[in-house]
Structure formats: structure tokens, C-alpha cells
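These notes are about the structure you will find just below.
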Amino acid sequence: MSPKRPPRGLAYRTASLRNALLTRLPDSISFGSLRARHIKQPIRIEEMRLTSAHWPRAFDGVRIAHLSDIHFGHLLGAERLAQAVDAVRALRADLVAITGDLVDLSADESPLLFEHLALIQAKLGVFIVLGNHDHLDHPKAIVRGAKEAGLIPLVDDSVRVGGRDGLLVAGIDWAKSIPACAARLRRCGTGRADLLLAHNPKAFVGAEERGIPLTLSGHTHGGQLARSGNRRHNLVFTQRLSAGHYAHGESHLYVTNGVGAWFPLRVNCPPEIAVIEMRSR
Ligand SMILES: [Fe+2]
């Protein structure tokens, strides 16, 4: 039985208005060319190798594919999603992390979304966490859809994969502030996670305090408008952790540009899928 839909409240109605004004209107004024140009941009594969003394030796060399901010809906439909899924599958990663904003607004089309995401498989699992957009309509339907598609949703929870002494993967639900992210992280269970998935990069503040070797986030879309040659000089300059790789001590954070958006414009900020090879020291 599918979970009962909660009544659509003020957040959904506000987001619907924004969707009409900032997503659909610019597109219709441009006779669809903004959207067409937006989804024609090639998806960049951002590859990196990160080293941490806290990364377990048994998992030295593990490759993690990081997909985020799909925003399945008007701007990013099934055809573009299929391209992103094919790109992830081609990476043949050991673990896949999908860090939130799976849908843009309505969860009604999530069965189609999960039909595509179910094609992604990885030895250590395919994980999802929810973003702020996933909470606009029917978050429980997204969690349920993920489970039915064989993905592993983490809602303030952690699981160990790859055996009894395996990799501890934690994931937190959407939280807006640093203290709220930290509170969710405390709910994830005992022990220091090896990998944290959090839509909001602000979770890194709590993660580095705990010495978590790798945190993967999205949310900012890399600012969508960035200065050429310096992705940190972007439109979300108020966010300290807005784009790319950050390191503190033995802890790393990667904030991906994501593949989708709710506004059909990206400048010097291409849609991307990251692939991270983790090495232990
Ligand atoms: Fe997003």
C-alpha cells in the first residue's frame, strides 16, 4: 500500500508559484529554447582521488559515483534522466550516492523516476537521502519508491555494507542550518561513519568534528552562475561551502553542481556527476 499523501501546504503552493514564474515562464517566453539549451549541456564527469587516514584500509581504492539534484520534473524529464543514469552506470562504481532533490516539485512522477534509477546497481549499494525539494510534496512516497527500486534510503540512519567490519554509510534528512544538520547526524547511530550523505553541505561542520573522512552533498547547484576558472566565485557566495572539494584535517567534503536545477540557466557551472576514488593512508 502506498503511503497516504499529506495535504499540500504553503511550502508546496509557494514552490508551485516559483515553478510557474521562474521555471515555466522564462521557458515559455523563450519558446522552449531555454529548456532545450539547458538540457543539451553535456554532463561533465568530475573525477578525483582523495586520501584520508580515517578511511578504512579494507576499502582502499573504492570508487563512489555521486549524483545529485536531479529535480525530476519540467526541466529535467525522462530522456535527460536516462542520459544521467547511463553516465552513472558507465562509471561502474563500487557505491553510488544520490544526495537529494530527486524531484523538483510534485512526487506524482516519482514511479517513472525510480524506473530509471532502478537500473543503477553497485556492489556496495545505491543510497539516497532527501533534499528540500523532496519535502515539498510527498517525501514518504519517495522513500518508499526508492526502497521498491532496490535503492537504500537513509533518513537519519546508517548502514554497514561490505561485511561485518564493512563501510559505515550514514545519511541525514534535509536540514537547513548547521545545528539542525548536526542534530540529525547525532541520530544516525553510534560510531563514526566512514561516509556521510547530506543534501546540505552545512552538514560538513558536524562531520569534520567527528572526523568523518568523506561527506557528499549537493543543494547549491554550484551557484549555477560562476566565474570562469574559479567555481567558488559563484552566485551562492553567501554559502561558505558552495562548490567543489573542501578538506579539513582528515575530512573531505565534495559539493557537486548536480545534474538538474529549477532555473534553466548555468554559466561556467556545468551539470556534473562526480566519481571519487577513496584512498586510506
Ligand atoms: Fe537542488
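The values are calculated or read from the model by the stated rules, or taken from the named source; none is laboratory data. What you are looking at is a predicted structure, and each value in this text was computed from that prediction instead of being measured. We place every Cβ from the backbone using ideal geometry, glycine too, and count neighbours over all the protein chains shown. Heads up: the accessible areas ignore ligands, DNA and RNA and are worked out on the full protein's heavy atoms, side chains in. Shrake-Rupley method; radii C 1.70, N 1.55, O 1.52, S 1.80 Å.
In the stretch 1-81, counting only helices (runs of 4 or more DSSP H) that sit wholly within it, the ones holding 3 or more residues that are modelled with pLDDT of 85 or more and not basic (K, R) span 10-18.
Of all the listed residues (G258, G222, G191), the sole one being under 13 Å from the mean Cα position of the chain (by Cα) and in a loop (DSSP other than H, G, I, E, B) is G258. Residues of the stretch 1-53 that are open to solvent by 60 Å² or more (accessible area, probe 1.4 Å) and of a type in the set (V, I, T): T14, I29, I45. Checking L168, L241, L216 one by one, the residue that is within 16 Å of the ligand (Cβ to nearest atom), in a strand (DSSP E or B) and in contact (Cβ under 8 Å) with a residue 24 or more places away in the chain is L216 and no other. For the stretch 92-123, a tally of residues being of a type in the set (A, V, I, L, M, F, W, C) and surrounded by fewer than 20 Cβ atoms within 10 Å (Cβ to Cβ) returns 3. Restricting the stretch 144-165 to residues that are open to solvent by 60 Å² or more (accessible area, probe 1.4 Å) and in a loop (DSSP other than H, G, I, E, B), the residue that is nearest to N132 (Cα to Cα) is V155.
Restricting the stretch 269-281 to residues that are within 23 Å of E209 (Cα to Cα) and buried (at least 23 other Cβ atoms within 10 Å of the Cβ) leaves a set whose member that is farthest from the chain's Cα centre (by Cα) is M278. For the stretch 244-268, the tally of residues that are within 13 Å of the ligand (Cβ to nearest atom) and either under 20 Å from G73 (Cβ atoms) or open to solvent by 70 Å² or more (accessible area, probe 1.4 Å) (or both) stands at 9. For the stretch 166-214, a residue qualifies if it is farther than 16 Å from G131 by Cβ and among the β-branched types (V, I, T), and the qualifying residues are V169, I178, T190, V205, I212.
Which one is most open to solvent (accessible area, probe 1.4 Å), of the residues in the stretch 174-188 that are part of a helix (DSSP H, G or I) and touching a strand residue (DSSP E or B) at 6+ places or on another chain (Cβ under 7 Å)?
Step one: of the stretch 174-188, the residues part of a helix (DSSP H, G or I) are 178-186.
Pick out the ones that are also touching a strand residue (DSSP E or B) at 6+ places or on another chain (Cβ under 7 Å) and you get 181, 184-185.
Details: C181: 3, R184: 55, L185: 10 Å².
Only one residue fits best here, namely R184.
Taking H71, is it at positive phi, surrounded by 20 or more Cβ atoms within 10 Å (Cβ to Cβ) and in contact (Cβ under 8 Å) with a residue 24 or more places away in the chain? Yes; evaluated as a whole, the condition is true for this residue. In the stretch 226-238, which residue that is more than 13 Å from the ligand (Cβ to nearest atom) and in a loop (DSSP other than H, G, I, E, B) is modelled with the lowest pLDDT? Here the residue is F237.
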